[in-house]
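Quick notes on the structure that follows.
The values are calculated or read from the model by the stated rules, or taken from the named source; none is laboratory data. For clarity, every value in this text was computed on a predicted model and none was experimentally measured. Here the Cβ positions follow ideal geometry from the backbone for every residue, glycine too, while neighbour counts run over all protein chains shown.
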């Protein structure tokens, strides 16, 4: 089955979001909920279920981070993310900022994404992420 450009983008969007919330090696429930929120808004058109794809994306992201290839994993999905660069940047900012703190690794990956991989396709207001949401007391 030939995947549409939209489906390739959606798959890359999930892979990117998973990679970004795992890159600091601290996975929070807030980040997992944010990923589920992003996924719930995706129109999925694949014979593979979206949950199965997410599970595979989690495995591949962990594997790439563990062997020091996370940035290359992000670079590999860049062409598909260009389909809607603004949305990709928006999701990247959301996922990395949802827990109230952006780690050095998250900032590095965001910079690569917004200033190199997607830079030419981004709207000017999407090149910088707003500050991470402040943590609220539970």
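Data table
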| read-out | value |
| --- | --- |
| Criterion (over 11 Å from residue 18 (Cβ atoms) and either at pLDDT below 95 or touching a helix residue (DSSP H, G or I) at 6+ places or on another chain (Cβ under 8 Å) (or both)) met by exactly one of 57, 52, 76, 85 | 85 |
| Qualifying residue in region 19-37 (condition: assigned to a helix (DSSP H, G or I), modelled with pLDDT of 95 or more and within 20 Å of residue 87 (Cα to Cα)) | yes |
| Only listed residue being at pLDDT 90 or above and either within 14 Å of the chain's Cα centre (by Cα) or buried (at least 20 other Cβ atoms within 10 Å of the Cβ) (or both), chosen from 70, 97 | 70 |
| Qualifying residue in region 22-39 (condition: closer than 21 Å to residue 115 by Cβ, surrounded by 14 or more Cβ atoms within 10 Å (Cβ to Cβ) and touching a helix residue (DSSP H, G or I) at 6+ places or on another chain (Cβ under 7 Å)) | yes |
| Residue pairs meeting the criteria (Cβ under 6 Å; at least 6 apart or on separate chains; first on the phi > 0 side of the Ramachandran plot and touching a residue at least 60 places away in the same chain (Cβ under 8 Å), in region 40-56; second surrounded by 10 or more Cβ atoms within 10 Å (Cβ to Cβ) and assigned to a loop (DSSP other than H, G, I, E, B)) | none |
